1. Heavy atoms only, probe 1.4 angstrom, no DNA, RNA or ligands counted: give me Asp57, Asp198, Asp139 ranked by accessible area, highest first.
2. What is the helix-to-structure angle for 306-324, meaning the angle in degrees between its Cα long axis and the longest Cα principal axis of the chain, kept from 0 to 90 and rounded to the nearest 10?
3. With angles folded into 0 to 90 degrees, how steeply does helix 284-295 sit against the dominant principal axis of the chain? Use alpha carbons for both and round to 10.
4. Can you run the Rg to Rh ratio on the range 81-164? Use alpha carbon positions and the Kirkwood inverse-distance Rh.
5. Kindly provide the helix-only [θ] at 222 nm of the chain, computed as the sum of -39,500 (n - 2.57) over DSSP H runs of four or more divided by all residues, to the nearest 500 deg cm²/dmol?
6. Quick one: net charge of Arg271's neighbours, Cβ under 11 Å, K/R +1, D/E -1?
7. Would you mind getting the accessible area per residue of the chain, heavy atoms of the protein chains only, 1.4 Å probe, in Å²?
8. What does a probe at Glu155 reach in the range 283-306, counting residues whose amide N is under 19 Å from the point 7 Å along Cα→Cβ?
Amino acid sequence: MRPFAYVKPIDVAAAVHAVATEPAAKFIGGGTNLVDLMREGIERPDTVVDVSGLPLDEVAELPGGGLRIGALVRNSVLAADPRIRTRYPVLSQAILAGASPQLRNMATVGGNLLQRTRCPYFYDQASACNKREPGGGCDALGGFNRSHAILGVSESCIATHPSDMCVALAALDAVVEVRSVRGTRRIPLADFHLLPGDSPEIETVLAADELVTAVELPPAPARSRYRKVRDRASYAFALVSVAAALEVRDGTVTAVRLALGGVAAKPWRAREAERILLGGPASEEEFLLAADAELAPATVRPGNAFKVKLARATIAATLRELSTGEDAA
Ligand code: SF4
């Protein structure tokens, strides 16, 4: 590992000031991804700014009925919070579906937003990877791409975003609050992560000197659910996941929010499926029709073509559970 300077600021103002004067600095919270990336030589910060002691570790009620989650709230603490478990089950379920208990105890909400892809070629310095070395090529395109993306891909990169939590946040219309020496700005979660295009190394709209300080949730939907399909029951990234919130009255869908994980470089908000579902019958046929429309633009490769059928079935199953109340059983 390269030598680096270590700074531990006492407040948010000092933290953002520390990176403003040091362009090659990185914030570290729980360190569950950044330390791995530094060990592998993929991240090479000159300065590490340790934000773990900042007072950003509370979950607080918002006046309109939502919640404000500090960026340093640990994933395990958030998943266990009774307000999250009862009002936003999709979020609690998503967090508990990710990583191991030990990692969830260390990982922070802010860090979860910023974790980088688990594409194996990204971590292998002997492989070509445009995300690690822009312009270097992409060995995943013709290689082992079972876990890779099918939506929003480019010829530069087909990596997926690894977070479960972010898929739930996308379905919940969460907003990310960030701070720099220029002030505070708020970014809808759905706009926070970027598709690869020609520059897969740029993964979010966050500037290098901006610190994630909180995530805000609007008032909770009536009913929500997270469903994850993976190769083994624990400690595995999603092949496909679905975060959904659904409201049905007299057999008609009156509100729906749907996001997909494991299929794109960002949590994939399924707007086309939502458009078809809203106002229509809450039926299996309609759920499948909406899934087909969302997945129609998929670009598949031999290794990951199965994801289209898997995503279709998982979308329909999740919506069926919510519409029949099976999720509460
Ligand atoms: Fe790198 Fe993306 Fe290709 Fe993986 S898919 S090797 S992260 S460029």
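The values are calculated or read from the model by the stated rules, or taken from the named source; none is laboratory data. Keep in mind that what you see is a predicted model, and the values were worked out from it rather than measured. Please note: Cβ atoms are built from the backbone with ideal geometry, for glycine as well, and neighbour counts cover all protein chains shown. For the accessible areas, the whole protein counts, side chains as well, though only heavy atoms, and no ligand, DNA or RNA atoms are used. Shrake-Rupley method; radii C 1.70, N 1.55, O 1.52, S 1.80 Å.
1. The ranking, largest first, comes out as Asp198, Asp57, Asp139.
2. Value to nearest ten degrees: 70.
3. Approximately 40 degrees, to the nearest 10.
4. Result: Rg/Rh = 1.08.
5. Calculated mean residue ellipticity at 222 nm is -8000 deg cm²/dmol.
6. Spelling it out: positives minus negatives among the neighbours equals 0.
7. Values: 14090 Å² over 329 residues.
So the chain comes to 43 Å² accessible per residue, rounded to a whole number.
8. Once the point is set 7 Å along Cα→Cβ of Glu155, 298-302 turn out to lie under 19 Å by backbone N, inside the range 283-306.
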